[in-house]
1. Val130: within 27 Å of Ile250 (Cα to Cα), under 20 Å from the mean Cα position of the chain (by Cα) and surrounded by fewer than 21 Cβ atoms within 10 Å (Cβ to Cβ), yes or no?
2. Given Leu263, Leu219, Leu190, which one is open to solvent by 30 Å² or more (accessible area, probe 1.4 Å) and under 29 Å from Ser103 (Cα atoms)?
3. Scanning segment 75-101 for residues that are polar (S, T, N, Q) and surrounded by 21 or more Cβ atoms within 10 Å (Cβ to Cβ), which turns out nearest to the chain's Cα centre (by Cα)?
4. Among the candidates Gly208, Gly234, Gly273, single out the residue that is more than 28 Å from Val125 (Cα to Cα) and either more than 22 Å from the chain's Cα centre (by Cα) or in a loop (DSSP other than H, G, I, E, B) (or both).
5. Just for segment 48-98: of the residues that are closer than 13 Å to Ile199 by Cβ and among the small types (Gly, Ala, Ser), which one is modelled with the highest pLDDT?
6. Report, by residue number, each residue of segment 102-112 that is open to solvent by 50 Å² or more (accessible area, probe 1.4 Å), farther than 23 Å from Phe44 by Cβ and under 14 Å from the mean Cα position of the chain (by Cα).
Amino acid sequence: MEEMGLLLSVALGQVLSLLICGIGLTSKYLSEDFHANTPVFQSFLNYILLFLVYTTTLAVRQGEENLLAILKRRWWKYMILGIVDIEANYLVVKAYQYTTLTSVQLLDCFVIPVVILLSWFFLLVRYKAVHFIGIVVCILGMGCMAGADVLVGRQQGAGENKLIGDLLVLGGATLYGISNVCEEYIVRNLSRVEFLGMIGLFCSFFSGIQLAIMEHKELLKVPWDWQIGLLYVGFSACMFGLYSFMPVVIKKTSATAVNLSLLTADLYTLFCGLFLFHYKFSGLYLLSFFTILVGLVLYSSTSTYVAQDPRVYKQFRNPSGPVVDLPTTGQLEPSVTYTSLGQEAEEEPHVRVA
């Protein structure tokens, strides 16, 4: 059973990578073949789909899980999270105009230490030595792929303002890390539908404003026809699938495991590009792919554990209820609970406060 859980965790992450591959391919066709540089509009289409499916689902619910009830309790938190998600997407896409593809690939790995640190301090996740070994192996695999890009001359991007592009990537990776950790917290303690519904609501609103300000002229330049329409539909379908499926994978594994799995996305795009765009092949790409998979297996082979402080979870579980005083006799020590992030049960754990 443990082997099946391990394989399932790795396989689920690769499904996400394939969806990102689809997003990358459709974006490449739009920007290079049709000169449609509309990253904000493309994200806006995805947020509208999330709004139509998940926000409306919350709107028809009854009780505490209703849209209005959620907005009354946590509207400002989701508003901030929505802005973070929008700008993370925008900064990384914008970076391609200033720096090379290789730099983006390498610096985008910065999301991994961001997620680890945030998970440690805010989700109280504790790692073992094998997890750090797996992370290092995955990043080595990514470095191997970047080296192969240099050898075959696949350093796409102008690179004329490299420092600006690199800073944009680092900023986007940091925001991605914040978004992913918040997503893990929400899907574990609240629900996937609530997270996606609130993202759909606030991101549709704010990305619509950003679209009107920054990209209305670019949209007028797009040579609309059925091919471009299909590419936009394909992009939106892949992005919607990614957003809908990622919370499921994060709940079964973790935000860190998901970001490690996504390192293979560029390799899938490369393998497709060998046939579609006649990229040059290097044996280092295969070495990179298998190195990343080995790192994923190492990371997923052992469960992390969560140091649960009852005071933290009590405040979250009773956001609107009466405040119950903790015992004042003696020093309350946080308990340590070992949990398997790879094979989490459907029922959410109950934390008891003595």
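The values are calculated or read from the model by the stated rules, or taken from the named source; none is laboratory data. Everything numeric in this text was worked out from a predicted model, so none of it was measured. All Cβ positions, glycine included, derive from the backbone under ideal geometry; neighbour counts span all protein chains shown. In case anyone asks, the SASA skips ligands and DNA or RNA and just uses the protein heavy atoms, side chains included. Shrake-Rupley method; radii C 1.70, N 1.55, O 1.52, S 1.80 Å.
1. Numbers: within 27 Å of Ile250 (Cα to Cα): yes; under 20 Å from the mean Cα position of the chain (by Cα): no; surrounded by fewer than 21 Cβ atoms within 10 Å (Cβ to Cβ): yes.
Criteria not met by Val130.
2. Selected residue: Leu219, the only one of Leu263, Leu219, Leu190 that is open to solvent by 30 Å² or more (accessible area, probe 1.4 Å) and under 29 Å from Ser103 (Cα atoms).
3. Step one: of segment 75-101, the residues polar (S, T, N, Q) are 89, 97, 99-100.
Imposing the further condition that a residue be surrounded by 21 or more Cβ atoms within 10 Å (Cβ to Cβ) reduces the set to 89, 99-100.
On the way: Asn89: 10, Thr99: 22, Thr100: 22 Å.
My answer is Asn89.
4. Details: Gly208 fails: either more than 22 Å from the chain's Cα centre (by Cα) or in a loop (DSSP other than H, G, I, E, B) (or both); Gly234 fails: either more than 22 Å from the chain's Cα centre (by Cα) or in a loop (DSSP other than H, G, I, E, B) (or both).
On inspection, the qualifying residue turns out to be Gly273.
5. Gly82
6. The answer is Phe110, and nothing else.
Yes/no per residue for (1) in a helix (DSSP H, G or I); (2) surrounded by 17 or more Cβ atoms within 10 Å (Cβ to Cβ); (3) at pLDDT below 90:
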position	(1), (2), (3)
Val10	yes, yes, yes
Gly24	yes, yes, yes
Glu32	yes, no, yes
Ala36	no, yes, yes
